[in-house]
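Please treat every number below as a calculation from the coordinates, not as lab data. In this text, all values refer to a predicted model and were calculated from it rather than measured experimentally. In this analysis, Cβ positions are derived from the backbone assuming ideal geometry, glycine residues included, and neighbour counts consider all displayed protein chains.
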Amino acid sequence: MIWRPFTQEKTTVPAIKIVRGEGIYLFSETGRKYMDMISSWWVNIHGHGNGEIAEAIHSQAKTLEHVIFTKFSHDPAEMLVENLKKLFPPNLSKFFFSDNGSTSVEVAIKMAYQYFRNMGTEKRNLFLCLEGGYHGDTFGAMSVAGKSSQYHGTFSELFFNSYPIGVPEYYEGVENVEEREDKIIEEWEQKLLAIGDRACAIIVEPLLQGAAGMKLYRPEFLEKLVHVVRSYGILVIFDEVMTGFYRTGKMFAMDHTNIIPDFICLSKGITGGFLPLGMTVTTKKVYDAFLSDDPCKTFIHGHSYTANPISCAAANKSLEILLRRETVENIGMISEFHKKAILKNIHRRRILGTMSAFDVGSSAQRDRLIESAFRRGIFLRPLGNTIYFLPPYCITEEELEKAYAIVNEFL
Ligand SMILES: Cc1ncc(COP(=O)(O)O)c(C=O)c1O
């Protein structure tokens, strides 16, 4: 029997069997068709069943399906690094492979911690993070989400120390946001006087906190915060697992700011939703701190499927599709559509790039909306009382119109 993720098996209803996917649609065994308006947990950026990625995978699988990535290397991984390099500023030039979003975060926090040890500073063992953040379900990733995490509270006594920083939320009609931002920054200027030289890194989901309920905060706040923490020599980790690859309307959320972080975590959209792959990007400064004749200074971390050639081939093709003019234009169309679309009787509307979210008044209303949309062929998955659209980039204006109309009718 299958035990499903994030599911209370006692009360849940049986899963609907999906037999095929095409574009934004999922087809069930009973012949029903659903619009996947959340890109299947935010990974299928080009929709389902993309023929070009399928072909790339087929061809790679026939050539080299896997090889241990220590003594050996291969073209798909080297090409992927070359392709990704072009998307980052020159000093983000070192790429470490892993298997998913959580492991890309584990790698960043372990590297940040070991960086200071390798540099001879043993006292930096704290992490700073944002309240409500989500970075995955492994222990390191859970620890840096903070002890009050809505997802991981059960395990909190096992976490290592992290200090969550309040988030000045930004949404349509919000008031006094700059004041709240300044207050948080001032508070942290004070707190850092006590703990600043014991912190090794801050980790954030830049601008958009996905699992927290699609919460937004302004680039100006992030820039101020990073400026303050960097004055203590604290390293900066951007978890772009969700925001990467044009989700926020730019290639990375980083590109909305003037910040170049010390680490970027990538996964989800990287293979277009075909295969798992994670990546942690960092600087030469961090990399160089691990170069030594002392074996203890090596980064002793790796996964059996590191840089799997088929995953890398899927990622190379996904990136090629992503960079095409028509894809970028459609991403622009989605952003504009979100901004123009009118929704009635909602709270705290927030839009960033291809993400559009709002809150409803109660869990009962939420459940009725989700059910009603599903009956009419729109698959949504709420986060608390937040409803959001995060569609694949191949969605058309007509399909967006239909999804909005169905939700609006209910509202
Ligand atoms: C920002 C962020 N980081 C990390 C993760 C964990 O990724 P994975 O589920 O691939 O382990 C997620 C997953 O939703 C995420 O949203």
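Taking a ≥ b ≥ c as the square roots of the eigenvalues of the Cα gyration tensor, the chain is classed as oblate, since a/c reaches at least 1.5 and a/b does not exceed b/c. Apply the Debye scattering formula to region 179-253, with a single equal point scatterer on each alpha-carbon and no solvent, then give log10 I(q)/I(0) at q = 0.13, 0.24, 0.25, 0.28 Å⁻¹. Result of the Debye calculation: -0.42, -1.14, -1.19, -1.29. Site pair Lys17 and Ile300 shows an inter-label distance of 4.7 nm when each label is modelled 7 Å from Cα along Cα→Cβ. The local environment of Gly136, defined by Cβ-Cβ distances under 15 Å, has a net charge of -4 under the rule Lys, Arg +1 and Asp, Glu -1.
Local charge for Met79 was computed over the other residues whose Cβ lies under 15 Å away, with Lys and Arg +1 and Asp and Glu -1, and equals -1.
Loop sites here are GluC sites (Glu not before Pro) outside DSSP states H, G, I, E and B with no more than 13 other Cβ atoms within 10 Å. The longest part of the chain free of them is 176-411. Connecting C-alpha atoms closer than 10 Å in a GNM of the chain, tell me which of Gln114, Gln190, Gln209 has the biggest fluctuation. Of Gln114, Gln190, Gln209, the most mobile in the Gaussian network model is Gln190. Comparing Cα centroids, region 93-116 and region 260-328 end up 9 angstrom apart.
The slack in the chain from Gln150 to Trp3, taken as 0.36 nm per residue of separation less the alpha-carbon distance, amounts to 50.8 nm. Defining a contact as two alpha carbons under 8 Å apart and six or more residues distant in sequence, what relative contact order in percent does the chain show? Relative contact order comes out at 23 percent. Here r is the Cβ-Cβ distance between Gln365 and Lys86 and R0 is 51 Å; the resulting FRET efficiency, rounded to 0.05, is 0.65. Cross-link pairs exceeding 31 Å in C-alpha to C-alpha distance, out of Lys85/Lys110; Lys224/Lys250; Lys317/Lys344, comprise Lys317/Lys344. For the chain, the antiparallel share of DSSP beta bridges with both residues in that region comes to about 65%. Taking the alpha-carbon centroid of each part, what is the distance from region 150-200 to region 350-411 in angstrom? One Cα centre to the other: 30 Å. Cβ crowding within 10 Å, taken as a proxy for footprinting-reagent exposure, orders Leu130, Leu87 from fewest neighbours to most as Leu87, Leu130.
For Gly233, the shell of other residues with beta-carbons less than 13 Å away shows a net charge of +3, using +1 for Lys and Arg and -1 for Asp and Glu. Amide H contacts of Gly278: Ser98, Asp99, Asn100, each under 5 Å away and 5 or more positions distant or on a separate chain (H built 1.01 Å from N in the peptide plane; Pro and chain starts excluded).
Phi angles across region 156-165 convert, under the Karplus curve 6.51 cos²θ - 1.76 cosθ + 1.60 with θ = phi - 60°, into 3J(HN,Hα) values of 4, 5, 8, 6, 7, 6, 9, 10, x, 9 Hz, Gly and Pro given as x. By the gyration tensor of its Cα atoms, with a ≥ b ≥ c the square roots of the eigenvalues, what is the shape of region 110-266: rounded for a/c under 1.5, prolate for a/b over b/c, or oblate? In terms of gyration-tensor shape, rounded.
For region 109-213, the set of trypsin sites (Lys or Arg not before Pro) satisfying both a DSSP loop assignment and a count of at most 14 other C-beta atoms within 10 Å is given as Lys123.
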